[in-house]
Structures are given as C-alpha cells and as structure tokens.
Amino acid sequence: MRLISQTTDGIAIVSISGKLIFDESLLALRENVRDLLRAGVKGFIFDFTDVPHCDSSGCGELIGAYTSISKAGGRVAFVHPTARVRVLWERIRLIDIFTIFNTLAEAEAFVRR
C-alpha cells in the first residue's frame, strides 16, 4: 500500500493505492492521520480509486482513523471504493458508518460543510 497526502485549505486528500492488508504499511496510514490531525487538519477525504482489496486489518485501521478524526471534531469522506471493497464494506456494515461518494467534488463539498 502507498499513501499520497495533499492538504489544501484544511482538507487532506489521502490517496491510497495497492492492497490495504495486514502488513507494516498500515502503520503509515495511522501515522499519516495522526500527523495531519496534529497539524490542525479537520477534513479528510480518503480516495480508494486504486485499492483493489481491503482485509479485516485494513478495515480496522480505517475504523481507527475514522474514530480519531471524528473525536477531534473532523469530518471524513471516502471516494470511489472499488466494487470489491464496497462489497466488503456492505457485508460488514461499514457502508452504514462511512460517508461514501463517487466523485472528489462531492466528497469535498461534504467535508467543507
């Protein structure tokens, strides 16, 4: 898994590529979110366009990130999860918790509210 973060006007767009699975790279996601929160970022958009697979450990890290951001008073949006990821999120009911959009523009409008 690779992360690329861009921050503009207090909103971080975190583009994730590769499999979101149990390995050391999951720590990068946790550290990235923590560092952005410390820097005062309150809006987070996670772009899942290039994530072909997510396992239970990846879902656990996403739940942790979502919780940390929410507790800090921030907003979180997820953009364009692949079909396989969306099916998993539906199966484990994350679709009921996560706010998911098809476009970056929709996600950005939500986070800015």
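Take the eigenvalues of the Cα gyration tensor for the chain, scale each by 5, and report the square roots as semi-axes in whole Å, largest first. Intermediate results must be reported in sequence, preceding the final value.
On the way: eigenvalues 77, 50, 33 Å².
Working from the Cα gyration tensor, I get semi-axes of 20, 16, 13 Å.
Using Cα pairs under 8 angstrom and six or more residues apart, how large is the relative contact order of the chain, in percent? Walk me through the intermediate numbers first.
Working: 188 pairs, mean separation 28.8, N = 113.
Relative CO of the chain lands at 25 percent.
Quick note: the coordinates plus some simple rules give every number you see, no bench work behind them. Quick caveat, the model's predicted, so the values are computed rather than measured.
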